[in-house]
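Notes follow the structure.
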Amino acid sequence: MVPADQGGGVMRADVLAEEIDGLDEALAVVDAFDEALASGLLRPQPAQAAGLAALAGALAGSPLAGKVAEAAEKAAAGAAGEDHFVALAAGRTALLGSVHDALAARAAEATGRSAAEPAAPEPGAQQAVNVLAAARSWLSDLARCGWRGMDHEVVSGAAPVVSAMLPDPALRRLAALLDGFADELAACCPGAALERLPVRRWADLWSRALLLTLPGAAGATAGGRATGRLLPLGVDLHEHATAVQAQVHAVFEPADGSTALLVRASVSAPKPETVVGAGLWQLLRPHMSLLAAAGEGRCMDVTGMPLTAEGDLVWDDACARPGEPADAFSTARVAMPAAADLATAPLDRHPARIAVPVFVEGYTAAQDEEKGLVLTFAGGELPVDTDRVPVAGPLTPEAVAKSAACIGLLRWDAGAFRLQPLAVESVVRKKPVALHAGAWAGGTADKTGAKAEKAATDAAAALRERAGRLLRK
């Protein structure tokens, strides 16, 4: 957001710190249910029954009230079936969805933008009912034993289900979720030996997987085709030991002159554990020309690019060509305030999904003992999530602390809104100098970046050579 005297809306930091009615109470109910699930629902104890009853009570005024109340009663008695676990997962998801909506409304108030109403999902393709039933059965067994009672025998039950799903493209989304979830659980078996449990995370994965086993739940929302100009704002890099994803946030200006939209385009690739840092870009770069455009500071002209109702471009290089130079900070100052946020799909409504593009300037940066780096502006404070700054680019926490303007993503984590920097601008010798997290996405002459890429190239070449030897044997 830019100051009002420059024609934009003011990004308000003060409203982000205000309490949201009912937020803490809703999260406390989720925590109580998650603890009940962690201990297993085969022989529930009184504390677990209380957590189940709290979930039913929180949804008493909703359309799910009857089903969740029945499921909570059966689960408290140790007699829950698959349908009851599905109802509990739906109730938990709905409650977190209400938290998401409250936080998204607060973010919209701070930015002055509002999101469109979500489109109705289209029916999903016909799926193998027996395979979905097998997945529900495994997830129900997990709920009965709980994270503290799980062992390798229980967790290994996912393997045949995943193997049966992978050949079917319509089931690969659920298959990938179950596969990753099972691997994570297997790495922590036996659960009884764990000192700390990622209770919220595993309950999130369990609930989402269980709902995706319902026929039609994975149906996509109606989208369309995008033709116009794409102005990159920044690149958000997600790294895992064996996979990497880059998500480009951008402003899309339709060719027909209609309202501009805030959109995303993502590309993912598998990776060996030895390829890290700047070397990640060479895995992603061949699959998306938009990365080069973002790194070089150019726009992209797209024609007929598939666009979902949630604002995700299904990227196809055949539908895009490089355009003119486009400065991200000019886009943030001029085009972003007038762009509309697209809605979040019903099943994706979760606090962790909040990632609102914002632009702030005219702040002062200071270190706080508890909050870390904090930006103060517009009558309030906004902590900076420096842990999300990737090492695969020139942007650093130190650069953020010395900056005068910042493009970032507004997220909600650990009970507070935080800013994830995507790019910062500083004034050096009276000239603006910009640093982008995705500056090396299209290649770089920067000594540090070039050295890191060469090291990654050597590592990848060594791995290919070893793999070739193994195959020849």
### Members of segment 270-281 found to be surrounded by fewer than 17 Cβ atoms within 10 Å (Cβ to Cβ) and not in a loop (DSSP other than H, G, I, E, B), listed by number
PRO270
### Query
Applying the selection to segment 369-382, what residues are among the acidic types (Asp, Glu) and under 27 Å from the mean Cα position of the chain (by Cα)?
GLU370, GLU381
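Within segment 32-119, which helices (runs of 4 or more DSSP H) (wholly inside it) include 1 or more residues that are more than 29 Å from the chain's Cα centre (by Cα) and within 19 Å of LEU142 (Cα to Cα)?
On the way: elements: 46-58, 65-76, 82-111.
Qualifying helices (runs of 4 or more DSSP H): 46-58, 65-76.
Could you list all residues from segment 427-447 that are touching a Pro at 6+ places or on another chain (Cβ under 9 Å) and surrounded by 16 or more Cβ atoms within 10 Å (Cβ to Cβ)?
Of everything in segment 427-447, those that are touching a Pro at 6+ places or on another chain (Cβ under 9 Å) and surrounded by 16 or more Cβ atoms within 10 Å (Cβ to Cβ) turn out to be LEU435, HIS436, ALA437, GLY438, ALA439, TRP440, THR444.
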### Criterion: surrounded by fewer than 18 Cβ atoms within 10 Å (Cβ to Cβ) and of a type outside the set (Lys, Arg) - qualifying residue of ALA452, ALA462
ALA462
### Message
All but one of (1) closer than 14 Å to GLY438 by Cβ; (2) touching an Asp or Glu at 6+ places or on another chain (Cβ under 8 Å); (3) not hydroxyl-bearing (Ser, Thr, Tyr); (4) not in a helix (DSSP H, G or I) hold for VAL235; state the number of the condition that does not hold.
### Response
(2)
### Query
Within segment 125-171, which helices (runs of 4 or more DSSP H) (wholly inside it) include 2 or more residues that are more than 17 Å from ALA193 (Cβ to Cβ) and either basic (Lys, Arg) or in contact with a strand residue (DSSP E or B) (Cβ under 6 Å, 6 or more places away or on another chain) (or both)?
129-149
### Summary
Over segment 206-231, the set of residues out of contact with any Cys (no Cβ under 7 Å at 6 or more places or on another chain) and either part of a strand (DSSP E or B) or closer than 17 Å to THR331 by Cβ (or both) is THR221, GLY224, ARG225, ALA226, THR227, GLY228
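Among the residues of segment 226-237, is any hydrophobic (A, V, I, L, M, F, W, C) and either free of Cβ contacts under 8 Å to residues at least 12 places away in the same chain or surrounded by fewer than 17 Cβ atoms within 10 Å (Cβ to Cβ) (or both)?
No, every residue in segment 226-237 fails to be hydrophobic (A, V, I, L, M, F, W, C) and either free of Cβ contacts under 8 Å to residues at least 12 places away in the same chain or surrounded by fewer than 17 Cβ atoms within 10 Å (Cβ to Cβ) (or both).
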### Message
within 17 Å of the chain's Cα centre (by Cα), closer than 16 Å to LEU422 by Cβ and outside any loop (DSSP other than H, G, I, E, B): is that true of ALA250 in this structure?
### Response
yes
### Task
Look at ASP34 and say whether it is in the same structural domain as GLY97 (by TED's automatic domain parsing), modelled with pLDDT of 95 or more and among the charged types (D, E, K, R).
yes
### Message
Anything in segment 452-462 that is out of contact with any helix residue (DSSP H, G or I) (no Cβ under 6 Å at 6 or more places or on another chain) and in contact (Cβ under 8 Å) with a residue 12 or more places away in the chain? List them, or say none.
### Response
ALA455, THR457, ALA459, ALA460
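Checking the condition in contact with a Phe, Trp or Tyr (Cβ under 9 Å, 6 or more places away or on another chain) and either in the same structural domain as LEU307 (by TED's automatic domain parsing) or farther than 16 Å from MET150 by Cβ (or both), which residue from GLY228, GLY234, GLY191, GLY224 passes?
When all the criteria are applied, what remains is GLY228.
The values are calculated or read from the model by the stated rules, or taken from the named source; none is laboratory data. Note that this is a predicted model, so its numbers are computed, not measured. Note: ideal-geometry Cβ built from the backbone for every residue, glycine included; neighbour counts use all protein chains shown.
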